Amino acid sequence: MSTQPSKNLETFPNPQPGRDYLIHMEIPEFTSLCPLTGQPDFATLILDYIPDQKNVELKSLKLYMWSYRQEGAFHEAITNKILDDLVKALEPRYMRLKAKWWVRGGIYTTVVADHRKEGWTPQPKVDIEEFETNVPTRG
């Protein structure tokens, strides 16, 4: 596999395709360029997805993210493009990409885009309440 920036997203078979489970990734060093000024834009990307048949290989994801360093695009466009590319490569049951852009002109921008596979219904949420134990203290 290359160590140069690449738009090629590699995948591998989901080891538990019969189960809904969440994969959470934080990408704190995303960089692209402002399409108007050419100045760098920085973001932390938060990717959450429930895989179907494929998972993303991490090194290819890193190189994919790296490929945006010299591209100019508005925050909204680049967030949606990344989500579209990941959905195309993985065909997940569910995916959400949250891009938290650093301040530009005194304004922080957060863009959230998501995808739900047609026909997929999430499992009911399970709330597990925390409980206290009464452990005697030694006096």
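The values are calculated or read from the model by the stated rules, or taken from the named source; none is laboratory data. Computed from a predicted model, the values in this text were never measured in an experiment. Because the Cβ atoms are built from the backbone with ideal geometry, glycine has one as well, and the counts that use them run over all protein chains shown.
A single member of Lys81, Lys54, Lys117, Lys62 is among the basic types (Lys, Arg) and in contact with a Leu (Cβ under 7 Å, 6 or more places away or on another chain), and it is Lys54.
Residue-by-condition table, conditions (1) aromatic (Phe, Trp, Tyr); (2) touching a Cys at 6+ places or on another chain (Cβ under 9 Å); (3) within 22 Å of Asp41 (Cβ to Cβ); (4) modelled with pLDDT of 95 or more:
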{"residue": "Ile78", "(1), (2), (3), (4)": "no, no, yes, yes"}
{"residue": "Lys88", "(1), (2), (3), (4)": "no, no, no, yes"}
{"residue": "Arg96", "(1), (2), (3), (4)": "no, no, yes, yes"}
{"residue": "Arg104", "(1), (2), (3), (4)": "no, yes, yes, no"}
{"residue": "Trp120", "(1), (2), (3), (4)": "yes, no, no, no"}
{"residue": "Gln123", "(1), (2), (3), (4)": "no, no, no, no"}
